[in-house]
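I have placed the structure first, in the form of structure tokens, so that the comments after it can refer back to it.
The values are calculated or read from the model by the stated rules, or taken from the named source; none is laboratory data. These numbers come from a predicted model, not from an experiment. Methodologically, a virtual Cβ is constructed for each residue, glycine included, from the backbone with ideal geometry; neighbour enumeration extends over all protein chains shown. Heavy atoms of the whole protein, side chains included, go into the accessibility calculation; ligands, DNA and RNA do not. Shrake-Rupley method; radii C 1.70, N 1.55, O 1.52, S 1.80 Å.
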Amino acid sequence: MVASLYGVKQAKKAIWIFLEQEGGKLEGVSLELLDKGRQMADNANWSLVGLLIGKDVSEIADEAFSYGADVVVLADDPLLDVFTVDAYTQVTYDAIMEHKPSVFLLGATPNGRDLAGRLAVRVRTGLNADCTNLNLDKKRGILVSEVTGFGGGIAALIEMQNHRPQMATVRPGVFPPGEPDKKRKGKVIKLPIKLEADTIKTKVVERVVGEGVDLTQVPALVVGGRGIEGDFGLMRELAGLIGGDVGATRPPVDDGYIERERQIGQTGVVCRPKVSINCGVSGAFHFVVGVQESDIVISINTDQEAPIFDFTDYCIVGDVFEIIPALTAALSSVKELAHG
Amino acid sequence: MANLHMVVCLKVVPKPEEIRVDKKTNRLERTDARSELNPPDMNAMEMALSIKERYGGKISILTMGPPYFEPLLRVGLAMGADHIYLLSDRDFGGADTLATTYTLAKGVEKIEGVDLIFCGEESSDGATGQVPPGLAEWLDFNQITMINNIELAPRKKTIRGRREIKAGHEILEVPLPAVVSVAVASNEPRFMDYRIKDWAFEEERMTVWSKDDLDVDAEYIGVSGSPTIVSDLAQAATRERKREFLTGTPEEIADKLKVILQDAL
Ligand SMILES: Cc1cc2nc3c(=O)[nH]c(=O)nc-3n(C[C@H](O)[C@H](O)[C@H](O)COP(=O)(O)OP(=O)(O)OC[C@H]3O[C@@H](n4cnc5c(N)ncnc54)[C@H](O)[C@@H]3O)c2cc1C
Ligand SMILES: Nc1ncnc2c1ncn2[C@@H]1O[C@H](COP(=O)(O)O)[C@@H](O)[C@H]1O
């Protein structure tokens with residue numbers, strides 16, 4: 001059997017979280033992982049460590065402490081200003097080999113996946129990607145990752161016995177964000193940086209980032225599937241009336257009707273709104289995982305047999321183009337009354 | 001770059017809609033499912049073909065899997081690739097990402113002289129795009145993942161890939177050799193060219209390598225090279241839903257929904 005660069009005996013009882021930041025702000029998924037990591041660490045009596053990489057980012061450490069980190073390992077260097085997989089893998093590898101954590105968790109964002117995939121091979125360990133739940137078995141010190149697969153409703157529990165660190169990635173929204181405790185403090189450990197500019201082969205030629213949308217925390221979600229034929233105007237109008245936002249299944253995203261960051265599901269985001277309204281969505285399991293944390297699910301589909309109805313509280317067999325305009329009309333009249 | 005050598009990693013996957021779950025054993029029944037080429041890999045193939053059309057060079061298909069994948073892989077030849085390398089051995093079976101990327105990397109080394117590897121964004125049977133970066137790491141190649149556009153600078157021997165990120169995009173440049181993964185739906189994969197179908201089925205267009213043909217360490221392949229194990233299969237936690245059907249005219253339904261929404265929000 002292939003061995004990882006360090007084994008169970010050398011591994012420290014610590015859970016590490018890759019703290020992904022953009023422009024000095026921590027990504028939501030990193031906060032979610034900190035909170036989940038805190039729960040697991042408390043339960044097993046382990047420590048929780050955030051790995052923070054960037055340029056002039058030391059101030060973010062306080063935010064990580066307030067969300068549960070005991071320690072922040074800080075790699076601060078001008079060469080780490082924007083993410084490049086070469087530089088970030090090198091620095092992360094150095095940090096990991098120095099501190100030898102037992103568990104290392106990352107958000108399944110584009111950068112998180114790039115880093116995870118390279119790092120796992122470099123340290124010769126396993127990687128459980130896109131987990132839908134995590135548990136630390138405190139007796140055995142083993143991370144049990146849940147991964148949902150085909151066929152709907154089947155979850156595989158995956159673990160590794162002999163390899164360290166135990167690596168896993170988790171999609172944004174899978175875990176709820178915690179409550180920050182501003183009074184919590186922690187310790188910063190500075191990582192010595194041994195990077196040379198010419199070892200970074202990736203050149204960032206152009207980079208434009210927007211604010212981005214965060215659908216994981218919206219109170220109401222209106223989802224358009226293939227059945228709405230690209231008419232997201234209709235969806236937006238309804239979302240506006242109920243103080244929510246618009247999401248989509250994968251086909252309209254692939255067809256270019258709407259931005260990819262609004263894709264809900266296994267390869268999109270997992271949302272936990274009070275209400276989600278699925279319009280013209282068939283209910284593929286890949287999609288359903290993205291809305292099953294909703295308090296209430298409403299679905300509208302012309303096909304009475306659509307699988308989505310199995311995952312729905314209020315099922316409407318009908319045409320989106322009739323039901324939604326009627327609903328927006330009904331809701332607008334309420335508004336007028338209220339403002340009356 | 002007439003001698004540009006590209007590899008497209010094609011995976012064969014069971015059709016997702018044909019996989020059943022045995023409710024008694026909680027096991028996945030794949031045996032009845034028909035196979036297909038992983039749909040995202042068609043986008044990878046298309047991108048490689050567009051480079052070949054512009055700059056020349058050749059395209060090799062690389063697959064790890066059982067021999068019965070052959071006819072599907074030949075479709076790739078009929079689309080315009082030049083040769084198939086199939087890595088096939090009982091001992092390759094049961095591989096997780098670490099063992100899969102190791103074996104594919106050994107295949108690339110044996111093919112020799114590879115400049116640019118195209119992968120799909122992810123495989124549809126549950127894996128998650130971790131093969132491309134892992135493959136790049138074993139080979140010490142550069143990488144750009146999830147690109148929807150590529151430009152090759154033949155003299156500089158660099159590529160530029162454009163990828164969508166957070167309400168924006170970035171363009172990254174890396175020197176060859178490199179691995180790229182191609183974003184789903186970033187192009188329209190072509191159909192196979194029936195005029196070259198017979199050519200595509202000629203025997204000599206395909207090479208099958210077993211573990212003895214590759215310079216592999218037995219500890220690194222298949223089950224023994226895979227750190228992760230499935231310890232249990234369970235019913236995924238799903239919430240019980242009311243499944244109440246609302247009926248009436250659109251207006252009546254709208255009124256019912258209004259009440260539900262007002263209560264909930
Ligand atoms: C590896 C992998 C990952 C994936 N990840 C995701 C993911 O993260 N998110 C995701 O969404 N998908 C994902 N998919 C795709 C997923 O499997 C389904 O193909 C997709 O969710 C289907 O989208 P849909 O329901 O909008 O379209 P369809 O399945 O085509 O359903 C359209 C529905 O609209 C109904 N309809 C049509 N017209 C009307 C009308 N006028 N009024 C009302 N109803 C109407 C139809 O009856 C039908 O049920 C993934 C697939 C793979 C292979
Ligand atoms: N067994 C395999 N043979 C060839 N290519 C593969 C194999 N597994 C994965 N790939 C490639 O890696 C990509 C990403 O797969 P994955 O990391 O499994 O989601 C796929 O789209 C393929 O291009």
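For segment A:269-283, a residue qualifies if it is under 24 Å from residue B:127 (Cα atoms), within 10 Å of ligand 1 (Cβ to nearest atom) and either among the polar types (S, T, N, Q) or in contact (Cβ under 8 Å) with a residue 40 or more places away in the chain (or both), and the qualifying residues are A:269, A:270, A:281, A:282.
Looking at segment B:63-76, is at least one residue at pLDDT 95 or above and within 27 Å of residue A:112 (Cβ to Cβ)? The answer is yes, given that some residue of segment B:63-76 is at pLDDT 95 or above and within 27 Å of residue A:112 (Cβ to Cβ).
Could you look through segment A:246-289, keep only residues that are open to solvent by less than 20 Å² (accessible area, probe 1.4 Å) and part of a helix (DSSP H, G or I), and pick out the one that is farthest from ligand 2 (Cβ to nearest atom)? Step by step, filter segment A:246-289, then rank; the result is A:252. Among the criteria (1) under 30 Å from residue A:308 (Cβ atoms); (2) within 16 Å of ligand 2 (Cβ to nearest atom), the one residue A:231 does not fulfil is (2).
Taking the conditions (1) in contact (Cβ under 8 Å) with a residue 60 or more places away in the chain; (2) in a loop (DSSP other than H, G, I, E, B) in turn, residue A:140 satisfies each one other than (1). Taking the criterion of being crowded, with 21+ Cβ neighbours inside 10 Å and either assigned to a loop (DSSP other than H, G, I, E, B) or within 16 Å of ligand 1 (Cβ to nearest atom) (or both), the residues of segment B:135-153 that qualify are B:141, B:145, B:146.
Among the criteria (1) farther than 17 Å from residue A:36 by Cβ; (2) within 14 Å of chain B (Cβ to nearest Cβ), the one residue A:174 does not fulfil is (1). The lone criterion from (1) touching a residue at least 12 places away in the same chain (Cβ under 8 Å); (2) away from ligand 2 (no atom under 16 Å from the Cβ); (3) not assigned by TED's automatic domain parsing to the domain that holds residue A:320 left unmet by residue A:210 is number (1).
Report, by residue number, each residue of segment B:250-259 that is aliphatic (A, V, I, L, M) and either under 14 Å from residue A:241 (Cβ atoms) or more than 7 Å from chain A (Cβ to nearest Cβ) (or both). Steps first, please.
Initially, segment B:250-259 is screened for residues aliphatic (A, V, I, L, M), giving B:253-254, B:257, B:259.
Scanning segment B:250-259 gives B:254, B:257, B:259.
Here residue B:203 fits the description: more than 8 Å from chain A (Cβ to nearest Cβ), over 16 Å from residue A:330 (Cβ atoms) and either at pLDDT below 90 or open to solvent by 80 Å² or more (accessible area, probe 1.4 Å) (or both).
Name the residues in segment A:211-228 that are closer than 15 Å to residue A:287 by Cα and open to solvent by less than 10 Å² (accessible area, probe 1.4 Å), would you?
So the first thing to find is which residues in segment A:211-228 are closer than 15 Å to residue A:287 by Cα, and the list is A:215-216, A:221-227.
A:215, A:216, A:221, A:222, A:223, A:224, A:225 - these are the residues of segment A:211-228 that are closer than 15 Å to residue A:287 by Cα and open to solvent by less than 10 Å² (accessible area, probe 1.4 Å).
Of the residues making up segment A:298-308, those that are surrounded by fewer than 22 Cβ atoms within 10 Å (Cβ to Cβ) and near ligand 1 (Cβ under 6 Å from one of its atoms) are A:302, A:303, A:306.
Out of A:55, A:9, A:25, A:13, report the one residue that is of a type in the set (Lys, Arg), touching a residue at least 60 places away in the same chain (Cβ under 8 Å) and on the phi < 0 side of the Ramachandran plot.
On the way: A:55 fails: touching a residue at least 60 places away in the same chain (Cβ under 8 Å); A:9 fails: touching a residue at least 60 places away in the same chain (Cβ under 8 Å); A:25 fails: touching a residue at least 60 places away in the same chain (Cβ under 8 Å).
When all the criteria are applied, what remains is A:13.
So is residue A:204 open to solvent by less than 10 Å² (accessible area, probe 1.4 Å) and outside the structural domain of residue A:56 (by TED's automatic domain parsing) or not? When the stated conditions are applied, residue A:204 does not pass them.
Evaluate the following for residue B:156: is it open to solvent by 50 Å² or more (accessible area, probe 1.4 Å), of a type outside the set (Val, Ile, Thr) and either within 16 Å of ligand 1 (Cβ to nearest atom) or in contact with a Ser or Thr (Cβ under 9 Å, 6 or more places away or on another chain) (or both)?
Details: open to solvent by 50 Å² or more (accessible area, probe 1.4 Å): yes; of a type outside the set (Val, Ile, Thr): yes; either within 16 Å of ligand 1 (Cβ to nearest atom) or in contact with a Ser or Thr (Cβ under 9 Å, 6 or more places away or on another chain) (or both): no.
So residue B:156 fails the test.
Looking across segment B:31-40, the residues that are open to solvent by 40 Å² or more (accessible area, probe 1.4 Å) and within 13 Å of ligand 1 (Cβ to nearest atom) come down to B:36, B:39.
The rows are residues; the columns are (1) near ligand 1 (Cβ under 9 Å from one of its atoms); (2) under 30 Å from residue A:29 (Cβ atoms); (3) of a type in the set (D, E, K, R).
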position	(1), (2), (3)
A:260	no, yes, yes
A:285	yes, yes, no
A:296	no, yes, no
A:310	no, yes, yes
A:315	no, no, no
A:318	yes, no, no
A:326	no, no, no
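Do we have any residue at all in segment B:225-233 that's under 20 Å from residue A:276 (Cα atoms), open to solvent by 80 Å² or more (accessible area, probe 1.4 Å) and within 7 Å of chain A (Cβ to nearest Cβ)? Lay out the reasoning, then the answer.
Residues of segment B:225-233 that are under 20 Å from residue A:276 (Cα atoms), as a first pass: none.
For segment B:225-233, residues under 20 Å from residue A:276 (Cα atoms), open to solvent by 80 Å² or more (accessible area, probe 1.4 Å) and within 7 Å of chain A (Cβ to nearest Cβ): absent.
One line per residue, one yes/no per condition, for (1) under 22 Å from the mean Cα position of the chain (by Cα); (2) outside the structural domain of residue A:322 (by TED's automatic domain parsing); (3) at pLDDT 95 or above:
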residue: A:261; (1), (2), (3): yes, no, no
residue: A:266; (1), (2), (3): yes, no, no
residue: A:270; (1), (2), (3): yes, no, no
residue: A:277; (1), (2), (3): yes, no, yes
residue: A:280; (1), (2), (3): no, no, yes
residue: A:290; (1), (2), (3): yes, no, no
residue: A:296; (1), (2), (3): yes, no, yes
residue: A:303; (1), (2), (3): no, no, yes
